[in-house]
Structures are given as C-alpha cells and as structure tokens.
Amino acid sequence: MTKAGKVATLTRGQAARIGRALGARPARPRPGGQAARMPFVLLVVALLAGGLISLLLLNSALNEGSFQLTRLKKETTALTDEEQALQRDVDAHSAPDALQRRARELGLVPGGSPVFIGPDGKVSGSVSVAEAPPSPTPALPAAPPAGPGQPPAPTASQAPAQPAPSGSPQSSQTPGR
C-alpha cells in the first residue's frame, strides 16, 4: 500500500502540535466542564418531578370520581327501592275495592244514571238524587238451639279470628261426649 492511499489519523497530541505550529490558539480545558451540564440535568429532573406530580394529581382526581360514582350508584339503588315501594302503595290504594271502601268511609254514594247537556243547552236524561245503597249484612248460618248442658253456639263476632290449621280436622262434636 502506498502512503497516499492511507487516511491520516492524528492523535490528540499530534493535532495540538500541528495547531501550535500553525499559530492557532491552544485549546484550554474548560474549568467548568461539568458545570455546563448542570442546567440540563436540573431541567430533566424538573420535568420528571412535574410529570410525577401531575400523574399523582390525575390519579387522585380519578379516585375521587370513582368514590363519587359508587356513592351515586348506592343512592340510585335506594331511590329505586323507595320508588317501587311507593308504586306498590299507589297500586294498593287505587284498586277498585280499596277505592270503594275509602269512598264509603268518606260518606260518598254511587251516582245514579248520568245526565248530559247538549251543545244547544238541551238536557237529556232524568235527574235523580243519589241514594245510599243498603249496607250489606252478612248472612249468618242458623245455629241449632242449644240444649240443656250444651254451651251456646258462638256467634260471628265470637268466632275465632284464625282458621284451624289445615292438618287438624275440626270436630263438630262437643267435648266430653
């Protein structure tokens, strides 16, 4: 190989000698070589700290929202249960037999036949006063007359309030016979 084909590589010392020979100013070593890196390091640390703090705040906000969501779900469940209970009460009070019983308690009576007033002012139908229907009386079965030594048969007001259990037959005989 020829010298012309080789690429010349100089060491640092050789480059410094050539520079001095050509009259260039010698390169001084920087006394604060590490001091120049300090602002960059501080910037990176500040960015990392800011990122961590923002992640912490974001996480706290998400957790707060999660707790609020859980509280609202519980409140919704409670309100739904209350709504269903109120709807059951409305359904019970709007049943026809409940309405009839409440109307009787208030002294209302069923209306008679309706009367209509036409657009020309003509009245069709006959006007009648509503009258209270006779109160229904429960028919009591006729009890056989009590013989000597037998207790009197119980009346409807003295009858037991609860029926006998279905497994035990009721005896029609009096005790002691």
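The values are calculated or read from the model by the stated rules, or taken from the named source; none is laboratory data. The shown structure was predicted, so the numbers you read here are calculated from the model rather than taken from an experiment. Surface areas here come from the heavy atoms of the whole protein model, side chains and all, with no ligands, DNA or RNA. Shrake-Rupley method; radii C 1.70, N 1.55, O 1.52, S 1.80 Å.
Provide the per residue accessible area, probe 1.4 Å, for segment 75-138, rounded to a whole number of square angstrom. Don't skip to the answer; put the middle values down first.
Values: 5720 Å² over 64 residues.
So segment 75-138 comes to 89 Å² accessible per residue, rounded to a whole number.
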Using θ = phi - 60° and Karplus 6.51 cos²θ - 1.76 cosθ + 1.60, couplings along segment 93-109 (whole Hz; Gly, Pro as x)
7, 9, 5, x, 5, 5, 5, 5, 4, 5, 5, 5, 4, 7, x, 7, 10
Using θ = phi - 60° and the Karplus curve 6.51 cos²θ - 1.76 cosθ + 1.60, what whole-Hz ³J(HN,Hα) does each residue of segment 58-68 get, with Gly and Pro shown as x?
5, 4, 5, 5, 5, 5, 4, x, 5, 5, 5
